[in-house]
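So the structure is just underneath, and the comments pick up after that.
The values are calculated or read from the model by the stated rules, or taken from the named source; none is laboratory data. Small disclaimer: the values here were computed from a predicted structure and weren't measured. Cβ sites come from the backbone with ideal geometry, for glycine too, and all protein chains shown count toward neighbours. Side chains included, ligands, DNA and RNA excluded: accessible areas come from the protein's heavy atoms. Shrake-Rupley method; radii C 1.70, N 1.55, O 1.52, S 1.80 Å.
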Amino acid sequence: MEVTASTNIALIKYWGKSSLRLNFPAVGSLSLTLREFTTKTSICLSEDGKDHFVLNHKPMDPLEKVRVEALLKAVPEKKRVPIRFLSSNNFPTASGLASSASAGAAAVLAVNYFFQLNWSFSRLLMLALKFSGSAPRSLSGGFVSLEPDSARRKIKIHPLASPLDTLVRVVVVRCGEGPKEVLSRDAMELSKKSSPYYPAWVSTHRADLRRLKRALARGEWDELFSVMEHNTLKMHALTLTSQPPVMYWTPATLAVIRLIREKRSQGWLGGFTMDAGPHVKIFTDAETAEKWADAAGALPGVTGVLIASPGGPPRITIEGKEWEWDGFPN
Ligand code: DP6
């Protein structure tokens, strides 16, 4: 059996946890699932009686393995058999696209189907969340919000309809190579503990989410860009004001941002967001995406450009039969 899940990019960021044990987010988030960038995960019975964990055709490193092993703890002992867990991404690790989102969504569904567990929707959400805070969003296609209910320690995800949902494209501009300076998991904890702006991030976050949802519902590009950029710059202000500071940007990052501001003043459609790394993601439409790719690709320090379009929910294949996962409760 095999599950294919797409990764996602957040327009409104998750940054900070209220519980490390549950990996429970302190704020909501809103993302777009991307069609072209996927994780494929398959599970089969292990013939030598031991578990094997493979990522991109190599044994997983301990940090990757620990998340899958934690997930397997949720399988009842009487159903637990040794497995071969094989996962691969169709996009490069340093591409600026988060692989933990698609990996988490694919892993949770693969375990659910392989062990025939029939987990409820809310259980799947919580297990995906524990794997990675951005993973539950990859259980849905298109635009999706993730809303935490801190009092009940539950999350909800909502697919969001928008007139922009077929028009939107994301130009991923790589602004450097190599592993990131600090993992997002560590950097967000550092922000919480040491940035004086962390309380303001949390208290102003709900308003950003509300504004972005309204912009999406109305199909308002300018408002979408305005709130998306404000939210990502606040997140980066947190990392810069942590102690010690975390600086994800390279000179190319700033050059791309300046290009966006300049071209936008000349009428080009586009706005940016950035995750825990130097790469810039430009939200735009299909017509303008190629122009952004050419202009950004020509800047010094830019190491690659990819164009992505909106994607659907995960796909499941069991015994040659393939279908789109639709586990949302009615
Ligand atoms: C900047 O989901 O990778 O991409 O829950 O610790 O695994 P963990 O973090 P992760 O963090 C994502 C941070 C972000 C913003 C976002 O995707 O919302």
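The table below lists the values:
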| quantity | calculated |
| --- | --- |
| In Å², nearest 10: area of residue 38 left accessible to a 1.4 Å probe | 20 |
| Listed pairs 58/193; 79/130; 17/65 exceeding 29 Å between Cα atoms | 58/193 |
| Within-15-Å neighbourhood charge of residue 54 [Cβ basis; K, R +1; D, E -1] | -1 |
| Global form of the stretch 180-282, assessed from the alpha-carbon gyration tensor, a/c cut-off 1.5 | oblate |
| Accessible area in the full protein assembly, largest first, 1.4 Å probe, for 181, 189, 223 | 181, 223, 189 |
| Global form of the stretch 88-133, assessed from the alpha-carbon gyration tensor, a/c cut-off 1.5 | oblate |
| Charge context of residue 3, other residues only, Cβ under 9 angstrom, K/R +1, D/E -1 | +1 |
| Cα gyration tensor, the stretch 69-186 - rounded (a/c under 1.5), prolate or oblate | oblate |
| C-alpha long axis of helix 251-265 to longest principal axis of the chain, angle in ° | 60 |
| Computed over the stretch 124-210: relative contact order in percent, which uses C-alpha pairs under 8 Å that are six or more apart | 16 |
| Carbon plus sulfur fraction of accessible area for the stretch 107-188, probe 1.4 Å, in percent | 50 |
| Net charge of Cβ neighbours under 14 Å - reference residue 157; Lys, Arg +1; Asp, Glu -1 | +2 |
| Nearest-ten-degree value, helix 286-297 long axis tilted from longest Cα axis of the chain | 80 |
| Gaussian network model of the chain, springs between alpha carbon atoms under 10 Å - residue of 279, 230, 205 with greatest fluctuation | 230 |
| Beta bridges per DSSP with both ends in the stretch 1-86, % antiparallel, nearest 5 | 85 |
| Accessible area in square angstrom per residue, the chain, 1.4 angstrom probe | 46 |
| Peptides ranked, highest mean first, by Cβ atoms within 10 Å: ranges 41-48, 98-105, 251-258 | 98-105, 251-258, 41-48 |
| For the chain, built as a Gaussian network whose Cα springs stay under 10 Å, the top-fluctuating residue of 116, 243, 266 | 266 |
| Highest-first arrangement of 233-240, 51-58, where packing means the average Cβ count within 10 Å | 233-240, 51-58 |
| The chain, dipole about Cα centre (Lys/Arg Cβ +1, Asp/Glu Cβ -1), debye to the nearest 20 | 1060 |
| Fluctuation leader among 107, 207, 151 - the chain, Gaussian network, Cα springs under 10 angstrom | 151 |
